[in-house]
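Heads up, the thing below is written out as structure tokens.
Any read-out appearing in this document is the output of simple, stated calculations on the displayed coordinates, not a laboratory observation. Nothing here was measured: the structure is a model prediction, and the numbers come from that model. Here Cβ is always computed from backbone atoms with ideal geometry, including for glycine, and neighbour counts include all displayed protein chains.
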Amino acid sequence: MENYSFPASFAWGAATAAYQVEGGWDADGKGPSVWDTFTHQGGDRVFKNQTGDVACGSYTLWEEDLKCIKQLGLTHYRFSLSWSRLLPDGTTGFINQKGIEYYNKVINSLLENNIIPMVTLYHFDMPQAVKDLGGWSSEKTVDIFEQYARFCYETFGDRVKLWITINEPYVMARFAYEDGSFAPGKKQPGYGAYQAGHNMLLAHAKAWHNYNTHFKKQQNGAVSIVLCSDWAEPFDPSSAVDKEATERYLAFYLDWFAKPVFIDGDYPASMKLKISENSKKEGLKTSRLPEFTEEEKALIKGTADFFCLNYYTSRKIKHSTVASEEPSFISDRSVEDIKDPDWPQCAPDWLAVVPWGLRKLLKYIKETFNNPAIYITENGFGQDDPPKLEDIQRWKYFEETLKEISKAINTDGVNVKGYLVWSLIDNFEWIHGYNVRFGLFHVDYDQATLPRTPYLSALKYSNVVKKNGLGGHADT
Ligand code: BGC
């Protein structure tokens, strides 16, 4: 059997996010987040109108999560801070001491067990009070976010050395501000995503500079942003328009955020061109995609100390001119994205299993963004409910994916520093509620104690972590 090796100091981890696991939605002075409001409003936007009120109960059951982390032997654990648990109205006007105590407990117990915390400041759950001031549609949020980031560096930065400002601005922009399927449910096609993306880029940049100027020297940590992307290939490799459409798909996905942060502070040319052409056709004087000033470009450029990638799936791309009554992100992008019917499928309809797509995407990142150090901060496979504890198909996905990463490192020379599974435990999968299970550990929601039980994948993954790689051993 071939040996799939990994560098000696490779980071092995798993990830979660506050709203998806913590519960305790109004415990001990926590303020509401947009997901609390959104789920409490019902309206069938989430599977069976489920909520994260209790979720996996990690707010009170943290020790149970820690046991899972230790059982896997992880070197890194990625989790997010609930902004409104720390700052109930989103600002430092009022600080919730109980929130600080909770995260101190999490961080300190990880460190006592030699597990490195990787902390996301914001993973989709904006305080409702900040949304009420305009959320990501408003420039005001840029400074409010910077203030929150600074508060977190001050409070936890003596111990946290790996910071992530924002998780997946792409998903927030498209689903929370463009089509409104995610909280806060804002529907503003053709404008919402671009405005939100613009403000998130500025907020991230300011939060990075704040650390760099005030904390870096003393705390010696690193700050980045998590970007997600599919890999994409032309549907017809001999078609020039499909090839161009494939580049556009990546421009409107990964490069939308990666180019400003890693290259030059500005959006991809093809994105700017498409949106301004369409805006002109609509009779508008300016493009629906906001422009950065020269100072803003300088502010954004170079604001990541490492590259964080969430990878789940791939698409085949055909050129298309989507006829649309009104402007939208989809019609600006003008592609048809296709799941190859030969690709296996897992529970969420968007997730076709394409492990080799990750290797290609890693190579693309190396070549396009100046060979950065990369952490794969999420990768996972969702099972239907009820799930299989003997999740053989899922382990195959992880195994194939890890082989592709090993090849990316050893053959393509990509500087991959770590890999984190989404997710440590089954949790609230946003609009799919508890109906899709991504955990390495099963959570039994029918029992009050919410017991965690390892899936087969957890046992297999712990072997990989122990051996720092796959192969050469019968039981991986
Ligand atoms: C998000 C997670 C989510 C996962 C699976 C990522 O987009 O960061 O919060 O649960 O994908 O859908």
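Neighbouring Cβ atoms within 10 Å as the yardstick, rank Phe182, Phe94 fewest first.
Ascending number of Cβ neighbours within 10 Å: Phe94, Phe182.
Could you give the length gained by full extension between Glu63 and Arg159, i.e. 0.36 nm per residue of separation minus their alpha carbon distance, to one decimal place?
32.6 nm
Give me the one-decimal nm value for the distance between modelled label points at Lys280 and Trp343, 7 Å along each residue's Cα-to-Cβ direction.
It works out to 3.4 nm between the two label points.
Out of residues 5 or more away from Ile164 or on other chains, whose amide H comes under 5 Å of its own, with H placed 1.01 Å from N in the peptide plane?
Amide H neighbours of Ile164, under 5 Å, 5+ apart: Val119, Thr120, Leu121, Ser224.
What is the order of Val171, Val226, fewest Cβ neighbours within 10 Å to most?
Val171, Val226
Under the classification rounded if a/c is under 1.5, otherwise prolate if a/b is larger than b/c and oblate if not, where does segment 332-476 fall, given a ≥ b ≥ c as square roots of the Cα gyration tensor eigenvalues?
Verdict is oblate for segment 332-476.
Decide, for the chain, between rounded, prolate and oblate: order the square roots of the alpha carbon gyration tensor eigenvalues as a ≥ b ≥ c, take rounded if a/c falls under 1.5, and otherwise choose prolate if a/b is larger than b/c, else oblate.
rounded
Sequence gap at least 6, Cα distance under 8 Å: using those rules, report the relative contact order of segment 253-370 to the nearest whole percent.
Computed over segment 253-370, the figure is 23 percent.
What ranking of His123, His432 emerges when the number of other C-beta atoms within 10 Å of each C-beta is taken as an exposure proxy, fewest first?
Ranked by crowding around the Cβ, least crowded first: His432, His123.
How large is ³J(HN,Hα), in whole Hz, for each residue of segment 238-246 in order, when computed from phi with the Karplus curve 6.51 cos²θ - 1.76 cosθ + 1.60 and θ = phi - 60°, using x for Gly and Pro?
So the J values, rounded to whole Hz, are 8, 9, 5, 6, 5, 5, 5, 5, 5.
Suppose every Lys and Arg Cβ carries +1 and every Asp and Glu Cβ carries -1, with no other charges. What dipole size does the chain come out with about its Cα centre, to the nearest 20 debye?
940
Taking H as built 1.01 Å from N, whose amide H comes closer than 5 Å to the amide H of Ala232, not counting residues under 5 places away?
Residues meeting the criterion, in which the H sits 1.01 Å from N, are Arg315.
Show me, for segment 168-179, the HN-Hα J-couplings you get by feeding each phi into the Karplus relation (A = 6.51, B = -1.76, C = 1.60, θ = phi - 60°), rounded to Hz, glycine and proline as x.
Residue by residue, segment 168-179 yields 6, x, 4, 5, 4, 4, 6, 9, 9, 10, 10, 9 Hz.
Mind jotting down the distance between the C-alpha centroids of segment 233-295 and segment 1-73, whole Å?
34
Under a point-charge model restricted to the Cβ atoms of Lys and Arg (+1) and Asp and Glu (-1), what is the dipole moment magnitude of segment 339-438 relative to its Cα centre, in debye to the nearest 20?
So the magnitude is around 480 debye.
Starting from the 7 Å offset along Cα-to-Cβ, what nm value, one decimal, do you get for the label separation of Asn113 and Lys217?
For the pair Asn113/Lys217, the computed spacing is 3.7 nm.
What distance in nm separates the two pseudo spin-label positions at Asn415 and Thr293, each 7 Å out from Cα along the beta-carbon direction?
3.3
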